[in-house]
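Below is one structure, written out as structure tokens; the observations come after it.
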Amino acid sequence: MTVRRNKNIDGDQHRAMTDYIGYEALTQAAMRGVVREALKRAKANGGLPGDHHFYITFRSKAPGVRMADYLTERFPVDMTIVVQHQFWDLEVHDGHFEIILKFSGVPQHLFVPYAAITRFVDPSVNFGLTFEAQDKDAAVISPASELEETSGEADAAPASDAGTVVNLDAFRRK
């Protein structure tokens, strides 16, 4: 959760404002949804149209990532794959994608949860996304069926939290 400090109306005291909605995690999940939809379009069209191609970087030891041991040893922190002309058996699911790519001429199956992705780039249209660490937004990214039950952490707003009135006139167009 992101905590921001703001001055109250008097300007001399600080109080913590907590984002109970989780906008940062929702934004990360929405951006990972863009990756999922781009992969779905690649699968539906039988390949990427035009000059489109994807560079997808993911944490090689993130929870749920599955690939050959020698690839994990070769890329111990993160791995960037190129999805362009030579890929096979692309499967796009709600919480992950699977793909077969060749490494040194040998086909290898990769299983990559969206929560493990750190960057997604389509250089053909100068488009790119960078993602925050998984622990901040994994619950929003993963479907409920893929999450373990949590121990009931319920955040409640303090009863004494009074609202703040802010004058927006300074921000209005004149």
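Mind checking whether some residue in the stretch 72-84 is touching a residue at least 24 places away in the same chain (Cβ under 8 Å), under 16 Å from the mean Cα position of the chain (by Cα) and farther than 17 Å from Ala29 by Cα? Within the stretch 72-84, one or more residues are touching a residue at least 24 places away in the same chain (Cβ under 8 Å), under 16 Å from the mean Cα position of the chain (by Cα) and farther than 17 Å from Ala29 by Cα.
Against the definition (over 19 Å from the mean Cα position of the chain (by Cα), modelled with pLDDT of 50 or more, under 15 Å from Val65 (Cα atoms) and surrounded by 13 or more Cβ atoms within 10 Å (Cβ to Cβ)), how does Gln108 come out, yes or no? Answer is yes for this residue. Pull up the stretch 41-60, narrow it to residues that are over 12 Å from His85 (Cβ atoms) and at pLDDT 95 or above, then point me to the one that is surrounded by the fewest Cβ atoms within 10 Å (Cβ to Cβ). It comes out as Tyr55. Within the stretch 111-136, restricting attention to residues that are within 18 Å of the chain's Cα centre (by Cα) and among the polar types (S, T, N, Q), the residue that is farthest from His53 (Cα to Cα) is Gln134. Residues being in a strand (DSSP E or B), small (Gly, Ala, Ser) and either under 14 Å from the mean Cα position of the chain (by Cα) or modelled with pLDDT under 90 (or both) are entirely absent from the stretch 89-96.
Set side by side, the residues Phe97, Phe54 differ, and just one is within 11 Å of Tyr114 (Cα to Cα) and touching a residue at least 60 places away in the same chain (Cβ under 8 Å), which is Phe97. Reported count of residues in the stretch 56-78, each being in a strand (DSSP E or B) and either farther than 16 Å from His96 by Cα or touching a helix residue (DSSP H, G or I) at 6+ places or on another chain (Cβ under 7 Å) (or both), is 3.
The values are calculated or read from the model by the stated rules, or taken from the named source; none is laboratory data. Here the structure is a predicted model, which is why all the values come from computation and not from measurement. Virtual Cβ from ideal backbone geometry, glycine too; neighbours counted across all protein chains shown.
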